[in-house]
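**Student:** I'd like to ask you about the structure that follows.
Throughout, read-outs are computed from the coordinates displayed, never taken from laboratory work. Computed from a prediction, not measured in an experiment: that's the story for all the values here. Counting neighbours? That spans all protein chains shown, and the Cβs are built from the backbone with ideal geometry, glycine included.
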Amino acid sequence: MDNPSLITSPQDETGASHPEPQQPRQSISVGLVEDQQLVRQGIASLLEISEHIRVCWQAENGQQALSLLAQTPVDVLLSDIRMPQLDGIGMLQRLRADGNPVPVLMLTTFDDNELFLGSIDAGANGFLLKDVSLDKLCHAITQVAAGACLIEPEVLQQLQEHKQQGGKAHNPLSERETDILRLIAGGLANKEIAAQVFLAEGTVKNHVSNILAKLDCRDRTQAVLLGMAQGLI
């Protein structure tokens with residue numbers, strides 16, 4: 001099955017790892033946010049075929065989604081980036097400002113490079129192209145619901161090519177920090193990273209804190225996505 005790139009396995013923000021997610025038997029609830037009615041209905045119809053994913057509600061902009069989410073919480077938000085009134089990035093910013101950690105999977109197109117970076121900064125958990133297949137969509141929702149983050153390979157390649165046209169990005173991380181960020185992206189917890197690089201776990205924690213500070217990221221997920229997007233790892 002051709003699935004999006006899984007960037008990192010589920011971890012909490014202390015760096016403690018959890019088992020790689022399996023296909024859950026329980027239903028995953030989804031809120032669908034898309035301003036184009038035909039696209040929204042098409043995605044909802046696709047998901048109706050899935051046995052373990054159900055669309056609880058649909059919204060045509062971020063403001064409506066926030067209202068519906070307050071009434072009916074869901075496991076995952078599947079959202080467009082470009083929308084009227086309140087777009088996907090604005091919705092994400094409000095969610096994270098309110099301390100809401102609900103995973104958000106963004107739908108994008110090939111010409112959304114700057115919005116893509118803005119979405120990472122706002123706290124997105126993953127990205128898919130709008131013409132995604134049912135298998136890819138269900139896989140992505142399942143992984144993000146379990147705590148992973150992902151970027152579809154075509155999206156990542158397009159973004160990195162766009163970055164290369166503007167010259168090589170400056171890497172603010174040291175060689176050691178870059179190595180540790182790669183290991184985080186591979187799904188390793190702090191204890192596992194410590195064993196790999198022959199450092200004390202406390203030292204690894206300090207490096208992770210430095211990585212987050214230098215990249216101006218709130219958590220490991222954002223740091224990995226930003227590192228991948230900018231070609232740092």
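**Student:** Using the Karplus curve 6.51 cos²θ - 1.76 cosθ + 1.60 with θ = phi - 60°, work out ³J(HN,Hα) for each residue of region 29-42 in order, rounded to whole Hz, and write x for Gly and Pro.
**Tutor:** Per-residue couplings from phi come out as 8, 10, x, 9, 10, 7, 7, 7, 4, 5, 5, 4, 5, x Hz.
**Student:** Here's another thing I want to ask about it. Residue by residue, what Karplus-based ³J(HN,Hα) values in Hz, rounded to whole numbers, does region 223-233 have, using 6.51, -1.76 and 1.60 with θ = phi - 60° and x for Gly and Pro?
**Tutor:** Result, ordered by residue: 5, 5, 4, 5, x, 5, 4, 8, x, 7, 10 Hz.
**Student:** Using the beta-carbon distance between residue 27 and residue 100 and R0 = 22 Å, what value does 1/(1 + (r/R0)^6) give for FRET efficiency, to the nearest 0.05? Provide the component values of the computation, followed by the final result.
**Tutor:** Values: r = 21 Å, r/R0 = 0.94.
Step by step, r from the Cβ atoms, then E = 0.60.
**Student:** Highest mean first, what order results for 37-50, 137-150, 210-223 on Cβ atoms within 10 Å? It would help to have the intermediate numbers written out before the result.
**Tutor:** On the way: 37-50: 14.3, 137-150: 23.0, 210-223: 18.0.
Output ranking for 37-50, 137-150, 210-223: 137-150, 210-223, 37-50.
**Student:** While we're looking at this one, here's another question. What does the extension gain come out to for residue 179 and residue 36, with contour length at 0.36 nm per residue minus their alpha carbon separation?
**Tutor:** Working: separation 143, 0.36 × 143 = 51.48 nm, distance 4.19 nm.
Difference between extended and current length: 47.3 nm.
**Student:** For region 183-198, what does the Karplus curve 6.51 cos²θ - 1.76 cosθ + 1.60, with θ = phi - 60°, yield as ³J(HN,Hα) per residue in whole Hz, taken in order and with x for Gly and Pro?
**Tutor:** 5, 4, 4, x, x, 7, 7, 4, 5, 6, 5, 4, 5, 5, 9, 6
**Student:** Nearest 0.05, what FRET efficiency do residue 67 and residue 46 give at R0 = 22 Å with Cβ-Cβ as r? All intermediate terms of the calculation are to be shown ahead of the outcome.
**Tutor:** Values: r = 25 Å, r/R0 = 1.12.
Working from the Cβ atoms, E equals 0.35.
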